[in-house]
Amino acid sequence: MNLAILLGGILLWFIAGCVASYYARKWVGKGMAEYFIANRRIGGLVSAMTYSATTYSAFMMVGLVGLTYKTGVTSLGFELTYLMATVFLLTLFAPRFWIAGKKYGYITPSELLSDRYENKWVGAIAAILSLVMLIPYASVQLMGMGYLIEALSGGALPFVVGSAIAAVISFIYSWWAGMRSVAWTDTIQAFIMLIASLILLGFVLTVFFPQGFISTVETETPKLLTVTWPFSLFIGLALPWAFFALTNPQVAQRLYIPKDVRSMKHMILGFSIFGFIYTIITTLLGFAAANIIPGLKVADKAMPMLLTKVPDILAIAVLVGILAAAVSTLNSIILTLSSMFARDVIKALKPEIDEDKELLSGKLLIPVITLICFAFAQFKFGLIAILSAMASGGLLMMLPAILGAFFWKRGTAAGAISSMAIGGIVVGAMYILKLKPLGQWPTIWGIILAAVIFIGVSLATTPPKKASEFVEYVNKTVRDLF
Amino acid sequence: MSSKETIWVLFALLVAVLDLAVPYTVLKNVAKFSGPYLYWTALALIVVVFGSVYISRWRSEITLEGGE
């Protein structure tokens, strides 16, 4: 691929994001809520697109295409299971987070837990668990970009340069105007992701399948249309992803940002449509790649190899689409982790600091977390892949505490802390030691353990005074929605 | 939880069962796009459409007592 065209494509996308960030900066007022959740003033379209772009990372166009290339239709089932679960969770929990956020002034999802359980350590533990789990996940985005740019530039841009480009752009988009620049650039990036992948699919289907796509796949690769994953694998992978909308703070924090109920409705609807279309496109590309370039030993190379078969200009548009997917996920994670560390760790442990200092500490954490992710990516550890897979499983350990916060008045801080800490440690250890008792994945055992600990410890301890007021207020206001 | 939410949660549980049970039994070895592929796609589309109908019933204006 021509290096000048490659760099030109990346530069164009970067400039578009910078223009959006520059104008976003003009809207930013003072304070933590302004910087980290845009003062709850984001409209429906931008809320929907930032939610979508944050959720869907480079995994879709690289990982999911590769997974479909290798294992077929079960990959589609896995990804659509995630989508269906998220639609249900958003319809049930988006109004609850939004109402609680507005009523009590929350900025981070873990702050909600600290306040509801009346214990700062609940939020601090949730913030630390998120930090430990999400940094490897964020680093994988940088690693993916490093490898992809290196491959498409024919080695002219080595791994370190590709991952540095993604890290620098993520930093700029998140630091410039906080949530506003992230949300606005995410919106541009969501459209790039969708349009580039759609054009690629159209090109691939018309050029490489003159006999018809459906008949070719059914004749040449019929095995890919059958369900091949063992049931335990499907459950083991689908379960943590099914609750992603609640347990991943970078998406849960977005439930605070819609400016009104109408915007929240548009956010849910927009995400549902985006997710459905994007999933169908990426999995169809996986089936197509299996027929165009069969026999690859490393399935993750299916997309990079497919891009060598299409015109340069289209390949660059898709590359920018994948970069956009990676950066839009990465900058959201960096911003959310910075806000959590400032609010739920620094402010919680040093309550005497004023809001200006709290905001400054949050902003200073943005380059620090970006650098940590970049450094992590440079090691290219095989362990990072394990840690990344562990991320969704580890974050799932927050589920009992989150559900308990909204629905179970008897849920206590001791129950929440012990379930998150013990569940997180046990799942982490099982992943690293590759333990699968009775053939079931660590997340299955972890979530059972976390739920039992949460319920048992809560019943043995005294619930906080705030619990009744919080649960009754939020649920009553949700009933008033109808 | 209101009765509408309870019905919605029961529908979600039904979808969870259908999402797993049908592809892993009767459709498992159907090597056609009209097999598991169409089934999962149709099920997801139904959830998206029903979800949009569900949220369309929310009032656009609500009063938050004592909010910011």
Q: Residues being open to solvent by 50 Å² or more (accessible area, probe 1.4 Å) and within 7 Å of chain A (Cβ to nearest Cβ): count how many of those fall in segment B:31-44.
A: 1
Q: Go through A:ILE417, A:ILE425, A:ILE386 for me and flag whichever is at pLDDT below 95, open to solvent by 10 Å² or more (accessible area, probe 1.4 Å) and within 18 Å of A:ALA126 (Cβ to Cβ).
A: A:ILE425
**Q.** Where A:GLY212 falls short, out of the listed (1) in contact with a helix residue (DSSP H, G or I) (Cβ under 6 Å, 6 or more places away or on another chain); (2) open to solvent by less than 40 Å² (accessible area, probe 1.4 Å)
**A.** (1)
(Q) Please verify whether A:GLY29 is touching a residue at least 60 places away in the same chain (Cβ under 8 Å) and out of contact with any strand residue (DSSP E or B) (no Cβ under 6 Å at 6 or more places or on another chain), treating the condition exactly as stated. (A) no
Q | Where a residue in segment A:391-411 is touching a residue at least 12 places away in the same chain (Cβ under 8 Å) and its partner, wherever it lies, is among the basic types (Lys, Arg) and open to solvent by less than 10 Å² (accessible area, probe 1.4 Å), with Cβ under 6 Å and at least six apart | A | A:ALA405/A:ARG116; A:PHE406/A:ARG96
Q: Could you check, for segment A:164-187, whether at least one of its residues is crowded, with 21+ Cβ neighbours inside 10 Å, of a type in the set (Gly, Ala, Ser) and either without any contact (Cβ under 8 Å) to a residue 24 or more places away in the chain or over 19 Å from A:TYR51 (Cα atoms) (or both)?
A: yes
Q: Could you list all residues from segment A:412-431 that are over 22 Å from the mean Cα position of the chain (by Cα) and over 21 Å from A:ASP115 (Cα atoms)?
A: A:ILE422, A:VAL426, A:ALA429, A:MET430
Q | In segment A:239-267, residue farthest from the other protein chains (Cβ to nearest Cβ) [restricted to those that are open to solvent by 10 Å² or more (accessible area, probe 1.4 Å) and in a helix (DSSP H, G or I)] | A | A:TRP241
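Answer yes if at least one residue in segment A:215-223 is touching a residue at least 60 places away in the same chain (Cβ under 8 Å), out of contact with any Phe, Trp or Tyr (no Cβ under 6 Å at 6 or more places or on another chain) and not in a helix (DSSP H, G or I), and no otherwise. Steps first, please.
Within segment A:215-223, the subset touching a residue at least 60 places away in the same chain (Cβ under 8 Å) is A:216-217, A:220-221, A:223.
Next cut, out of contact with any Phe, Trp or Tyr (no Cβ under 6 Å at 6 or more places or on another chain) only: A:220-221, A:223.
Still in the running and not in a helix (DSSP H, G or I): A:221.
Within segment A:215-223, one or more residues are touching a residue at least 60 places away in the same chain (Cβ under 8 Å), out of contact with any Phe, Trp or Tyr (no Cβ under 6 Å at 6 or more places or on another chain) and not in a helix (DSSP H, G or I).
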Q) Here is a list of conditions, (1) farther than 19 Å from A:ALA377 by Cα; (2) part of a loop (DSSP other than H, G, I, E, B); (3) not polar (S, T, N, Q), and A:VAL122 meets all of them except one; can you say which number that is? A) (2)
(Q) Is it the case, given these coordinates, that A:GLY105 is buried (at least 23 other Cβ atoms within 10 Å of the Cβ) and either within 14 Å of chain B (Cβ to nearest Cβ) or of a type outside the set (S, T, N, Q) (or both)? (A) no
(Q) Exactly one condition in (1) among the small types (Gly, Ala, Ser); (2) surrounded by 23 or more Cβ atoms within 10 Å (Cβ to Cβ); (3) within 14 Å of chain B (Cβ to nearest Cβ); (4) closer than 28 Å to B:TYR54 by Cβ is false for A:GLY43; which is it? (A) (2)
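The values are calculated or read from the model by the stated rules, or taken from the named source; none is laboratory data. Being a predicted model, the structure only gives us computed values, none of them experimental. We place every Cβ from the backbone using ideal geometry, glycine too, and count neighbours over all the protein chains shown. Each accessible area value is taken on the protein alone, full model and side chains, heavy atoms only, with ligands, DNA and RNA left out. Shrake-Rupley method; radii C 1.70, N 1.55, O 1.52, S 1.80 Å.
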